[in-house]
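One structure is given here, and the rest of the page talks about it.
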Amino acid sequence: MHQSPHDWAKGSTTHTANTDDVVMEKLLALGEYSGEIGSDGFYDARAIVRLTQCLVCSLPLQHPRTLPCGNSICLRCLPQFYPRQNISYPGLPSRQDGFQCPFPECQKEHSVADCTLDVTLSKVMEIFERELGSCQSEEMPVEVKEILDPELSDFESDGGECGERKWTVDGGRLVAIYTLIKRGELYYDTDVTCVSLASDHRDSAVLDREVLQTLKAKITSEVECQVCYGLFLDPITTYCGHTFCRKCLERVLDHSRDCPACRRRLHLPNVLPAQSSNKRLTELLVSLCSEALAHRATVVAIEEMAGSDDDDLTTPLFVCTASYPGMPTPLHIFEPRYRLMIRRVCENGTRRFGMLLPNRSGQLQGELGAAPFMQYGTMLQIEGANMYPDGRSDIWTVGVSRFRVKRWGIRDDYIVSDIERVEDIPILEEEALEALETSLRIQMSSQDLLPPWTRLSTQSLLQIGHNFVDQMQAISAPWLHENNILAFGQRPDDPAMFPYWLASVLPVAENEKYRLLVCTSVRERLKMVVGWIKKIESHRWFCSATCAIV
Amino acid sequence: MSLPKRIIKETERLVAEPVPGINAVPHDDNLRYFDVTIHGPAQSPYEGGIFRLELFLPEDYPMTPPKIRFLTKIYHPNIDKLGRICLDVLKGNWSPALQIRTILLSIQALLGAPNPDDPLANDVAQRWKEDEPAAIQTARDWTRTHAMV
């Protein structure tokens with residue numbers, strides 16, 4: 001709502017010169033922050049002191065409340081309470097009173113219970129009062145003159161009477177303007193010009209810069225998140241009045257529904273995109289801690305893109321089940337670490353993670369040694385998600401491609417890795433393999449150990465698979481129930497895909513599923529599948545239509 | 001993997017503003033693993049003893065609590081033979097706003113105020129309830145034998 005009216009400070013370029021351009025650029029690229037006022041107490045005094053002013057009464061915020069819409073207001077400026085109508089749930093006595101939000105962009109009804117003292121903002125206001133409010137020096141007088149709105153002054157200039165108001169106050173610009181605000185002389189939107197009446201103008205500027213330095217240092221130590229111990233990054237103030245970084249609070253909610261500071265139950269959704277940031281605190285941070293904030297935002301951005309200092313470990317891994325390219329894998333996400341992982345891949349836009357089987361028998365996994373997971377897996381793409389209010393979620397994913405883990409590490413309790421895509425062998429090799437195997441009967445003796453069907457053509461192998469499925473469908477095998485077909489689709493005709501489909505619908509042992517995943521030849525995969533079929537069929541001599549697990 | 005800023009800051013602050021009677025030093029090769037000593041509180045059966053503990057910050061710390069265990073043998077109804085500690089803030093009542101410092105202070109307070117009604121070591125707790133003076137004497141003896149070297 002506030003249109004940055006400090007045009008009088010234009011032309012002064014000094015106040016942005018000390019910001020590291022590179023960092024700032026990255027920060028702006030994040031789209032989070034775009035202001036840079038308040039680097040210089042001499043030029044930006046009005047804008048800095050405005051940070052303390054209540055938008056309603058224009059006095060320094062007293063017992064500040066931060067409303068659910070993110071705006072802050074003095075306790076005494078809260079509008080008249082009234083009993084809220086037609087609300088029976090949760091029906092707590094404390095939630096029965098409400099008021100209409102006085103901020104034009106909100107105007108919604110807030111519950112009084114959601115507007116407790118903003119602990120951080122209150123402390124920051126105390127610092128302002130201590131540093132600017134009690135300065136009794138009788139030096140550095142400043143003449144503060146109101147700038148009238150040009151339109152308004154044109155309109156009233158006919159009367160000639162309505163002149164600019166002006167005051168002379170001691171203590172330098174910051175102190176002078178703060179004093180006037182405490183006296184109720186300046187509205188939130190009122191702009192002023194300041195002229196130092198001190199004998200030495202330079203001294204006045206030095207004083208203002210010193211005061212600002214102290215102010216900044218004290219405030220910086222107060223605006224620290226109790227979870228990450230860093231400067232608040234996108235602060236959210238809970239209804240119990242405690243402030244945390246948005247991402248920290250999201251992570252807290254993965255583990256507990258209680259406020260870390262006071263243990264009161266937080267009635268917040270697990271993911272907080274709709275939750276308003278604390279606007280005043282954000283303004284304060286951008287204005288008074290811009291460099292530290294820029295640095296912090298950059299560090300966080302880099303950390304989130306990659307696995308902290310280990311830049312190569314960019315692919316998060318989910319150790320759970322066997323998935324295949326082209327096949328869906330629905331997942332229920334409930335563990336805190338995987339909630340975080342899924343949230344991160346959704347936020348960074350990749351919407352992808354690797355799915356692996358656990359290494360249950362502790363087999364060595366190539367160069368990885370005894371990893372807790374099998375080395376080969378499938379990259380999954382998130383197609384849709386359904387969030388539950390308590391933070392759990394159901395996600396629908398589809399296999400994209402297979403991969404092999406080259407290196408791995410742990411980040412925030414889930415596994416991250418450097419992977420290599422696994423492709424099938426080229427068609428030429430595939431053809432050569434088929435040609436070799438189907439012609440073996442001519443060259444070799446009939447005493448070879450492999451069953452004769454291994455010498456069938458690739459298409460014939462597929463046909464065996466298709467016939468098997470058709471037969472099973474005819475006797476209504478439970479694994480071909482319509483729900484399975486609905487989830488995994490009809491039997492594919494593509495020889496490359498058919499084994500993946502069959503392994504998804506047929507109850508097959510985990511190690512067989514894994515063998516299929518590692519296999520890079522279509523023909524070999526079909527042979528594996530026909531192997532299962534032959535085994536099932538041999539069982540079925542004894543137990544008719546039941547489903548055998550290979 | 002790099003250490004989160006929070007752990008670095010907490011460690012710095014532990015060194016800069018040490019808590020009287022509590023000492024926590026991270027290992028050089030694993031900054032998540034701390035050697036801890038706690039002095040037995042005055043007017044308790046543990047007075048005069050210096051108790052060694054190990055503290056480990058798990059991967060998702062501070063979302064989950066640190067793992068702490070007594071290494072020095074101690075006779076206490078809320079601490080078992082393996083040195084495991086029964087303390088609410090180390091389990092369900094953990095909050096990310098707590099820290100190594102506050103947790104160690106809680107453990108020190110637990111030494112000063114054993115709670116036999118919420119026991120971890122059942123035999124010790126029972127003795128504490130049946131014959132408190134004798135239990136306290138045993139705790140004192142154990143302190144002398146194991147925690148004063």
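The values are calculated or read from the model by the stated rules, or taken from the named source; none is laboratory data. What you see is a predicted model; the values in this text were computed from it and never measured. Ideal geometry is used to build each Cβ from the backbone, glycine not excepted, and the neighbour counts take in all protein chains shown. With ligands, DNA and RNA removed, areas are computed over all heavy atoms of the protein, side chains included. Shrake-Rupley method; radii C 1.70, N 1.55, O 1.52, S 1.80 Å.
For segment B:40-70 versus segment A:362-411, the inter-centroid distance based on Cα atoms is 36 Å. Per residue of peptide A:403-415, the mean number of Cβ atoms on other chains within 10 Å of the residue Cβ is 2.
Annotation: segment B:33-96 has a Kirkwood hydrodynamic radius of 12.7 angstrom, from the mean reciprocal C-alpha pair distance.
Note on B:Glu47 and A:Asn467: the model spin-label points, each 7 Å out from Cα along the C-beta direction, lie 9.1 nm apart.
Look at where the Cα atoms of segment A:103-122 and of segment A:181-246 average out, and the two centres are 21 Å apart. Treating each Cα of segment A:349-454 as one equal point scatterer and applying the Debye formula with no solvent, the log10 of I(q)/I(0) at q = 0.10, 0.11, 0.22, 0.24 Å⁻¹ comes out as -0.52, -0.60, -1.15, -1.24. Dipole size of the protein assembly as shown about its Cα centre, with +1 on Lys/Arg Cβ and -1 on Asp/Glu Cβ: approximately 2760 debye, rounded to the nearest 20. Counting only lysines at least 8 places from A:Lys513 when in the same chain, those with an alpha carbon closer than 18 Å to its own are A:Lys527, A:Lys534, A:Lys535. Across segment A:323-448, the relative contact order, built from alpha-carbon pairs under 8 Å that are at least six residues apart, equals 25 percent.
A Förster distance of 41 Å, applied to the separation of the beta-carbon atoms of A:Ala292 and A:Cys346, puts the FRET efficiency at 0.90. Close amide H contacts of A:Ser401 (hydrogens built in the peptide plane, cut-off under 5 Å, sequence separation of 5 or more or a different chain): A:Met379. Pop out a list of residues from segment A:247-269 that are at least 30 Å² less accessible with all the protein chains around than in their chain alone; 1.4 Å probe, no ligands or nucleic acids counted. Going by heavy-atom accessible area, the residues of segment A:247-269 that drop by at least 30 Å² are A:Arg251, A:His255, A:Pro260, A:Arg263.
For the pair B:Gln137 and B:Asp35, the difference between a 0.36 nm per residue extended length and the Cα-Cα distance amounts to 33.9 nm. Considering only B:Asp80, B:Asp118, B:Asp60, the Gaussian network model of chain B with Cα springs below 10 Å gives its largest mean-square fluctuation to B:Asp60. Protection proxy ranking of A:179-192, A:357-370, A:43-56, A:314-327, by the mean of other Cβ atoms within 10 Å over each peptide's residues and highest first, is A:43-56, A:314-327, A:179-192, A:357-370. The ellipsoid that matches the Cα gyration tensor of segment B:22-149 has semi-axes, each √(5λ) in whole angstrom, of 25, 17, 11, with the longest given first.
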